[in-house]
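Okay, structure first, notes after.
The values are calculated or read from the model by the stated rules, or taken from the named source; none is laboratory data. No experiment lies behind these values; they were computed from the predicted model shown. Cβ sites come from the backbone with ideal geometry, for glycine too, and all protein chains shown count toward neighbours. Side chains included, ligands, DNA and RNA excluded: accessible areas come from the protein's heavy atoms. Shrake-Rupley method; radii C 1.70, N 1.55, O 1.52, S 1.80 Å.
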Amino acid sequence: MRALLAGARRKQPALLELIQKLVHIESPSDDKAAVDACVALAAAHAKLLGGRVKLHRQRVFGDLLEARFGPKPKRGSQKPILLLGHLDTVWPLGTLKTMPCRVAEGRLWGPGTLDMKAGVAMALTAIEMLSEANLLQREIILLLNSDEEIGSPISRPITESLAAECSAVYVLEPAQGLAYKTARKGTGNWRIDVTGIAAHAGVDFEKGASAIREMARIVEKVSGFTDLKRGLTVSIGLAGGGSKTNVIPAEAWAEVDVRIARKADGSRIERKFAALKPDDKRCTLALTGGINRPPMERTRGTVSLYRRAHALAQELGFSLPEAATGGASDGNFTSALGIPTLDGMGAVGEGAHARHESILIEHLAPRTALLSAMLTHG
């Protein structure tokens, strides 16, 4: 363990340089060419490390990078470990002009540093360390997706297929404070559209059927689905409707965010939305959406991985807490398949999706050493 930590400290300057290279290639999810450029850099680096690289080509979104390291599995050998991450970010092209990538105050600042280009660079560095020390005794699969920030619409089946080959999944998302994540909430999104009857608000008031009034009733109903004791929350994040103040509104809409802590609550909440009916029978109701990520529940397999990581962290000289979060990641998909999944194994910092996004440099080497240790002990 001391050798791994010393090796990570020696690699830290190169690790910081790699993170900055990745950050300087801006890669918003909705710009295929931009994401592909970032994927190309990661692919080239993986090849330099001896990785067996495969690109999953996409038409609309960025290509997905699959890189395999270490010996190919043989019958009866240990299953691979999947390192899971993404290279797309929430930041539009040009963000670097007002939010430059820079080192200051013990941090590396910039769009995508924390979420999650540092985690990608840490994974590549951990693999490099193990390869140089001849410690890659099993196959490691690195999968970097291009659409995680927009719900993983094209990468999910590939993620699930590769995870099914593996004994464990390590997700390179940022830490929760200093903690690894052993549970995440699942997510759902609905859009509700109400159609009423337009009428003059002064002349023909009684002939109108207000879509906004009906939507107000529905908002109260779905807000009542929240059950904090079960970790179930329903939030109406966007709403609108109407055309003019003197017209009974014929249209209204709302968009709803749902978070679930238990897999069973997914089908339950879907049934509740499907059962919604308008109180004013002159109005019609249309719903689209559903649960799009199952929860990552705190399973026995995940707890076993965490306990191993906690013990290894102690050997490296630091404490590793455990946390749950309301946010989701691609680890939700792999955990739902029953594969032990440990999340938050990337960088420590703050400001994901915010102007002050940054990572704490002091934690890079110890956390990279821990990731290396988990790849040999996992």
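Excluding same-chain residues fewer than 8 positions from Lys207, which lysines have a Cα within less than 16 Å of its Cα?
Lys281
Of the accessible area of region 139-226, with the probe set at 1.4 angstrom, what percent is carbon plus sulfur?
56
Projected onto the charge dipole of the chain (+1 at Lys/Arg Cβ, -1 at Asp/Glu Cβ, origin at the Cα centre), which of Val258, Met122, Leu375 gives the Cα projection farthest towards the positive end?
Leu375
Would you kindly find the accessible area of Leu364, with a 1.4 Å probe and non-protein molecules such as ligands, DNA and RNA excluded, rounding to the nearest 10 Å²?
So the heavy atoms of Leu364 present about 0 Å² to solvent.
To the nearest 20 debye, what charge dipole does region 249-378 have about its Cα centre, counting +1 at the Cβ of each Lys and Arg and -1 at the Cβ of each Asp and Glu?
Working: 16 positive and 15 negative charges, 122 e Å.
In debye, rounded to 20, region 249-378 gives about 580.
What shape does region 118-235 take by its C-alpha gyration tensor, where a ≥ b ≥ c are the square roots of the eigenvalues and a/c under 1.5 counts as rounded, a/b above b/c as prolate, and the rest as oblate?
Since a/c reaches 1.5 and a/b is larger than b/c, the shape of region 118-235 is classed as prolate.
With no solvent and one equal point scatterer placed on each C-alpha of region 123-171, evaluate the Debye formula and give log10 I(q)/I(0) for q = 0.15, 0.26, 0.30 Å⁻¹, two decimals.
Here the Debye-derived log intensity ratios amount to -0.51, -1.02, -1.15.
What is the percent carbon and sulfur in the accessible area of region 1-105, measuring with a 1.4 Å probe over the protein chains and ignoring ligands?
Working: 3110 of 5650 Å².
It is 55 percent, rounded to a whole number.
Using the Karplus equation 6.51 cos²θ - 1.76 cosθ + 1.60 (θ = phi - 60°), what ³J(HN,Hα) coupling, rounded to whole Hz, does each residue of region 247-258 give in order, writing x for Gly and Pro?
Whole-Hz 3J(HN,Hα) from phi for region 247-258: 10, 4, x, 8, 9, 8, 8, 8, 10, 10, 9, 10.
What list of ³J(HN,Hα) couplings, whole Hz, do you get for region 199-214 from phi and the Karplus terms 6.51, -1.76, 1.60, once you set θ to phi - 60° and write x for glycine and proline?
Once rounded to whole Hz, the list reads 7, 5, 5, x, 7, 10, 3, 5, 7, x, 10, 6, 5, 5, 5, 5.
I'd like the distance between the alpha-carbon centres of region 1-67 and region 316-378, rounded to an integer number of Å.
Result: 17 Å between the Cα centres.
Where does the chain land at 222 nm, in deg cm²/dmol rounded to the nearest 500, when only DSSP H runs of n ≥ 4 count, each adding -39500 (n - 2.57), divided by all residues? Display every interim value, and only then the final one.
Details: 10 runs with 128 residues, N = 378.
Theoretical 222 nm ellipticity from helices: -10500 deg cm²/dmol.
What do you get for the angle between helix 264-274 and the principal long axis of the chain? Use alpha-carbon atoms, 0 to 90 degrees, nearest ten.
30
Which whole-number value in Å² is the accessible area per residue of region 171-305, probe 1.4 Å?
Dividing the accessible area of region 171-305 by its residue count gives 52 Å².
For a quick check of understanding: with a 1.4 angstrom probe and all protein chains in place, what accessible area in square angstrom does Ser77 have, to the nearest ten?
In the full protein context, Ser77 sits at about 60 Å².
Select one label from (1) 140; (2) 164; (3) 152: the one whose number is volume of the Cα convex hull per residue in Å³ as derived from the coordinates shown.
Recomputing volume of the Cα convex hull per residue in Å³ here picks out (3).
Whole Å is fine, so just give me how far the alpha carbon centre of region 189-210 lies from that of region 120-150.
Going from one Cα centre to the other spans 56 Å.
Please compare each pair in Lys54/Lys181; Lys32/Lys97; Lys72/Lys263; Lys21/Lys74; Lys21/Lys54; Lys117/Lys181 to a cut-off of 27 Å on the Cα-Cα distance and tell me which ones are over it.
Correct reply: Lys54/Lys181; Lys72/Lys263; Lys21/Lys74.
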